[in-house]
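Input: a single structure, listed below in structure tokens.
No value in this document is a laboratory result; all are computed from the given coordinates. In this text, all values refer to a predicted model and were calculated from it rather than measured experimentally. In this analysis, Cβ positions are derived from the backbone assuming ideal geometry, glycine residues included, and neighbour counts consider all displayed protein chains.
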């Protein structure tokens, strides 16, 4: 078992290396002199030399690459060109919001996707099935940001003054704030990896509110997450529903399901215990793969719902040519995506013990 | 015992029609429900794109001086006063006729989808073929690089590439094409590996065919089916990704009549002029839906396991 995990983990390391290499290479391909980009067109030759010396741009390219990898391993992504802050601070400030939307959308899409897929498979070729599958087809074809705008219009304007009103923008209602964890628990300011984790957890409003028992803020934060999560989750929901349906239909036709029925088990037991468990593997794969779509979806929809996440920051960084910020977000999100798929890979061995033995 | 003779009636036996695999696939495809819907939508879009200059009532880029900003749709048949000028989808925030922009946008969307996917297929097929045919280290290096590209969420990698190249429609298209190469490379490599060691390929090689000749006459036909299906679905996602980049302001620059850009420009009008946001979104959705349905239909039609035609 542990050998299986170790092997999977070792396969993950070259991918990690590749991700950092690609983003590093992209930064080197940036047109123009990095010095002029950072210091502006009026930088003198002396200033540029000092700049190159300071950031090690005169070193051989391989030395630069390994230094870059080493810095990332220490959580150091350099300094933002635009606002002269450590990029890691910006990541810790912005990433939690995106993760919250992603997790929320993932829960939404997985739960309803599996539910709709189950219903479709069991009521095959009925009106429910046809409507669900048509909806799924439309769902995968919608632009996320458009769905977000439409949801905002319907729930914030058309349903105004009804109990179904849902806030269309922002992370919390105005006037609602939550103190950082260090303040709530009277901890000292921490540095290093622990400090980063604490900052990250503090900025993840729902998590912060949950562990500090601040349910008023929690409710407010969740309320603001409803529309973004529905918008981001709809495409994966459609994909998961389709996959659940086809995977379950395939399993339901197999001999052991007939045996289970023949020995008189209740339909519910046959479907949920015998068929569904074996249909899980492709469903879990699709859920894992959809994390990439969820993360990109979150980045896109944040701009629609005015959420202070990666999306808004990323776009303004690109327009300002603040490449260290773009690079950091790309690396971090790719690593999250790969890690989730590593977890999915490992969960196979739990779902299907035969895989472990291979 | 009397035996009654029953006149023997011969029912005409159903005539066996022999069809080629291609005819079979075509038959399955044209009878496939989603393929029919997809074809219908796509046919409509192609017609709109071709006849855009004839169909569009106004210039898609020039503002209409006398029109009021964000004025709602006005269709005479639907009760709009006949002395007012007719704007079927309304006027956008820059005094342009939305209908004309949507019509011209169909050209751009189809071009974007087809051009990015063609580019990605050409590069992907070459890389996959070389990788599969040559094998060894070349294969390892190419495929590991493809794996790394697949490790990024595709839209995000496209955004990062646009960050390097600079915003703009062509750069956005290059970025989208680049991130979709790995899928085609993998497909092609798998097909090459499948047929590489088969007898007919060895025979062809023994007869003196060059690797490129073998590739074109033996490998490509075998790889065509998955490539066509993937390409159709790829066009759908390329259109969505291009719209997303333009929406963020990283793709087509204003005043290009690009649907994603139109959504991005009008996003703040959603509460007071929702039609300006609603209609471009529907246009994107229909186009993407058409390619998705077509892809599903093609997959079912070209699947050799489905030999029986109902």
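Return the whole-Å distance between the Cα centroid of the stretch A:236-290 and the Cα centroid of the stretch B:177-193. Result: 31 Å between the Cα centres.
Arrange the peptides A:68-76, B:277-285, A:54-62 so that the one whose residues have, on average, the most other Cβ atoms within 10 Å appears first. Show your work: numbers first, answer last.
Values: A:68-76: 14.2, B:277-285: 22.4, A:54-62: 11.3.
With the highest mean Cβ count within 10 Å placed first, the list reads B:277-285, A:68-76, A:54-62.
Counting pairwise Cα distances across chain A, what percent come out greater than 27 angstrom? In whole percent, the long-distance tail amounts to 59. Summarise the long-distance tail of P(r) for the stretch B:115-251 by giving the % of C-alpha pairs beyond 21 Å. The calculated P(r) of the stretch B:115-251 puts 46 percent of pairs beyond 21 Å.
In terms of its C-alpha gyration tensor, the stretch B:195-310 comes out oblate, because a/c is 1.5 or above while a/b does not outweigh b/c.
Mean per-residue shielding of peptide A:143-156 is 6, counting Cβ atoms of other chains within 10 Å of each Cβ.
In the stretch A:246-332, Cα pairs under 8 Å separated by at least six residues give a relative contact order of 18 percent. Ranked by the mean number of other Cβ atoms within 10 Å of their residues, highest first, the peptides B:46-58, A:129-141, B:227-239 come out as B:227-239, A:129-141, B:46-58. For the options A:213, A:148, A:288, a Gaussian network treatment of chain A with springs between C-alpha atoms closer than 10 Å singles out A:213 as fluctuating the most. Relative contact order for chain B: 25 percent, from Cα pairs under 8 Å spaced at least 6 residues apart, divided by residue count. Treating each Cα of the stretch B:78-164 as one equal point scatterer and applying the Debye formula with no solvent, the log10 of I(q)/I(0) at q = 0.11 Å⁻¹ comes out as -0.58.
Convert 4 °C to kelvin, take the viscosity as 1.567 mPa s, use the Kirkwood radius over C-alpha pairs of the stretch A:293-333 as Rh, and evaluate the Stokes-Einstein diffusion coefficient in µm²/s, rounded to a whole number. All intermediate terms of the calculation are to be shown ahead of the outcome.
Values: Rh = 10.2 Å.
Diffusion coefficient, whole number: 127 µm²/s.
Treat the stretch A:212-358 as a sphere of radius equal to its Kirkwood radius over Cα pairs and apply Stokes-Einstein at 4 °C in a medium of 1.567 mPa s; give the translational diffusion coefficient in µm²/s, rounded to a whole number.
Details: Rh = 18.5 Å.
Answer, rounded: 70 µm²/s.
Please work out whether the stretch A:1-99 counts as rounded, prolate or oblate from its C-alpha gyration tensor, where a ≥ b ≥ c are the square roots of the eigenvalues and a/c under 1.5 means rounded, while otherwise a/b larger than b/c means prolate and anything else oblate? Taking the square roots of the gyration eigenvalues as a ≥ b ≥ c, the stretch A:1-99 is prolate. The order of the peptides B:199-207, B:158-166 by mean Cβ neighbours within 10 Å, most packed first, is B:158-166, B:199-207. Taking the inverse of the mean 1/r over every pair of distinct Cα atoms in the stretch A:41-132 gives a Kirkwood hydrodynamic radius of 18.2 Å. Between residue A:63 and residue A:158, the distance separating the two model label sites (each 7 Å from Cα on the Cα→Cβ line) works out to 6.3 nm.
Between the alpha-carbon centers of the stretch A:84-118 and the stretch B:225-268, tell me the distance in whole angstrom. Computed from Cα coordinates, the inter-centre distance equals 23 Å. Based on C-alpha pairs under 8 angstrom that are at least 6 apart in sequence, chain A has a relative contact order of 27 percent.
Under a Gaussian network description of chain B, with springs only between Cα atoms under 10 Å, the residue in B:117, B:192, B:270 that fluctuates furthest is B:270. Taking every DSSP helix (H) stretch of at least 4 residues in the protein assembly as shown, weighting each as -39,500 (n - 2.57) and dividing the sum by the residue count yields a mean residue ellipticity at 222 nm of -23000 deg cm²/dmol. A Gaussian network model of chain B, with springs between Cα atoms under 10 Å, assigns the largest mean-square fluctuation among B:100, B:82, B:180 to B:82. For chain B, what class follows from the C-alpha gyration tensor (a ≥ b ≥ c being the square roots of its eigenvalues): rounded when a/c is under 1.5, otherwise prolate if a/b is larger than b/c, else oblate? Judged from the Cα gyration tensor, chain B comes out oblate (a/c at least 1.5, b/c at or above a/b).
Reported to the nearest whole Å, the Cα centre-to-centre distance from the stretch B:50-100 to the stretch A:43-72 is 55.
Could you give log10 I(q)/I(0) at q = 0.05, 0.07, 0.08 Å⁻¹ for the protein assembly as shown, computed by the Debye formula over C-alpha point scatterers of equal weight, without solvent? Cα-only, vacuum Debye calculation for the protein assembly as shown: -0.28, -0.55, -0.72.
Compared with the alpha-carbon gap, the fully stretched path from residue B:193 to residue B:271 is longer by 22.5 nm at 0.36 nm per residue. Computed from Cα positions, the angle between helix B:220-247 and the longest principal axis of chain B comes to roughly 10 degrees. Under a no-solvent Debye model with one identical scatterer per Cα of the stretch A:192-264, what's log10 I(q)/I(0) at q = 0.12, 0.17, 0.18, 0.22 Å⁻¹? For the requested q values the scattering log ratios are -0.65, -0.78, -0.81, -0.97. Per-residue mean of foreign Cβ neighbours for A:330-338 is 4 (Cβ atoms of other chains, 10 Å radius).
Counting only other chains, and only Cβ atoms inside 10 Å, what mean value do you get across the residues of B:275-285? Walk me through the numbers on the way to the answer.
Working: counts 0, 0, 6, 4, 0, 2, 7, 3, 1, 4, 8.
Going residue by residue through B:275-285 and averaging, the value is 3.
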